[in-house]
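Below is one structure, written out as structure tokens; comments come after it.
The values are calculated or read from the model by the stated rules, or taken from the named source; none is laboratory data. Here the structure is a predicted model, which means the values were calculated and not measured. As a convention, Cβ positions derive from the backbone with ideal geometry for all residues, glycine included, and neighbour counts pool all protein chains shown. Please note that ligands, DNA and RNA were not included when accessible areas were found on the heavy atoms of the full protein model with its side chains. Shrake-Rupley method; radii C 1.70, N 1.55, O 1.52, S 1.80 Å.
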Amino acid sequence: MLSEAPKTALIIPCYNEGRRLDLPAFNAALETYPELVFYFVDDGSSDNTYEILQNLSADSTRVKLLRMEQNAGKAAAVRHGILASIKDGNILTGYWDADLATPLSELQAFIIELSRPGVEMVMGCRLAHLGARVRRKASRHYLGRFFATVVSELLAMQVYDTQCGAKLMKAELAAKLFASPFISGWLFDVELIKRMKEIYGIPACETKIIELPLRQWNDVGGSKLKLSKMLLVPFVLLRIFSSRS
Ligand SMILES: Nc1nc2c(ncn2[C@@H]2O[C@H](COP(=O)(O)OP(=O)(O)O)[C@@H](O)[C@H]2O)c(=O)[nH]1
Ligand SMILES: [Mg+2]
């Protein structure tokens with residue numbers, strides 16, 4: 001643990017996560033990181049997600065609970081939480097998938113990277129390598145690698161993994177990147193990098209953004225990403241890259 005960790009917010013978007021939320025893991029992280037505040041955003045869930053989160057937030061002042069009246073998609077839910085976390089004066093803010101596919105034990109490495117001069121955004125990177133435990137189904141891995149290669153060509157930047165659901169950044173940067181709504185519901189990570197490139201240019205982005213190879217990443221079952229959404233990827237990318245944000 002860092003001795004002087006900055007006030008850090010993690011937005012946890014939750015859509016029908018009642019069966020996947022690992023409450024002990026979230027509570028353990030609150031003990032490990034005294035400066036950490038969770039912002040859970042219930043995105044119009046139709047299961048008992050909101051009730052579970054109400055109980056969790058009743059037990060800690062460092063668990064905030066936000067709610068979208070209707071299901072608005074991951075991008076809108078994350079944006080809602082990020083804007084609230086900036087208003088509350090957090091120094092670092094970011095988002096983390098509710099299924100904890102990236103375990104919260106990885107967070108410390110993100111915070112350490114952000115303490116290095118010039119670093120403004122840290123993105124988890126699912127790079128399977130010796131010494132790490134990164135396991136993905138072969139189909140998701142190859143689809144993911146194909147997608148990442150196309151996106152890095154479109155961005156003209158060597159990004160290895162835009163879609164990992166664990167990202168942390170300086171709140172000052174987040175205020176710029178999340179200022180306006182996103183085109184896409186769940187490819188907004190690509191839009192974030194595109195926005196950053198438009199603000200700072202490629203050379204600066206290559207030092208301000210760090211991809212952090214995770215030591216552990218688990219392919220948690222129960223993904224809500226449906227094949228129908230995957231088939232729309234080319235069209236969504238076309239919209240993203242033909243627009244100016
Ligand atoms: N707000 C919101 N979050 C969603 C939606 N669908 C998925 N999520 C959240 O996005 C994160 C990743 O979702 P998951 O189903 O694990 O996707 P995958 O691991 O990328 O296949 C989780 O925190 C989900 O609760 C949605 O429609 N709205
Ligand atoms: Mg997942």
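The table for this structure:
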quantity: For region 92-107, Karplus couplings with θ = phi - 60° (6.51, -1.76, 1.60), whole Hz, Gly/Pro x; calculated: 10, 8, x, 9, 8, 4, 4, 7, 6, 3, 8, x, 5, 5, 6, 4
quantity: Nearest-0.05 FRET efficiency for SER115 and MET230, computed from C-beta distance (R0 30 Å); calculated: 0.25
quantity: All Cα pairs of the chain, percent lying beyond 34 Å; calculated: 10
quantity: Dipole magnitude of the chain about its Cα centre (Cβ charges: Lys, Arg +1; Asp, Glu -1), debye to nearest 20; calculated: 700
quantity: For peptides 137-145, 119-127, 53-61, sequence by mean Cβ density within 10 Å, most packed first; calculated: 119-127, 53-61, 137-145
quantity: Sum of -39500 (n - 2.57) over DSSP H runs of 4+, divided by residues of the chain (222 nm, nearest 500); calculated: -12000 deg cm²/dmol
quantity: Around VAL119: net Lys/Arg minus Asp/Glu count, Cβ-Cβ under 14 Å; calculated: -1
quantity: Around TRP217: net Lys/Arg minus Asp/Glu count, Cβ-Cβ under 14 Å; calculated: +2
quantity: Loop-located GluC sites (Glu not before Pro) in region 28-88 whose Cβ has at most 10 other Cβ within 10 Å (DSSP); calculated: GLU69
quantity: Per residue accessible area of the chain, 1.4 Å probe, in Å²; calculated: 49
quantity: Lys/Arg +1, Asp/Glu -1 at C-beta; region 8-241 dipole; positive extreme among ILE91, PHE40, ALA72; calculated: ALA72
quantity: Within region 213-233: backbone nitrogen closer than 15 Å to the ALA138 label point (7 Å, Cα to C-beta); calculated: none
quantity: Fraction of accessible area attributable to carbon and sulfur, the chain (%, probe 1.4 Å); calculated: 55
quantity: In region 146-243, the trypsin sites (Lys or Arg not before Pro) that fall in loop regions by DSSP, at most 10 other Cβ within 10 Å; calculated: LYS226
quantity: Fraction of antiparallel bridges per DSSP, the chain only, in percent to nearest 5; calculated: 25
quantity: Positive-end residue of ILE112, LEU212, LEU238, charge dipole of the chain with Cβ unit charges; calculated: LEU238
quantity: Positive minus negative residues near PRO13 (Lys, Arg vs Asp, Glu; Cβ under 10 Å); calculated: -2
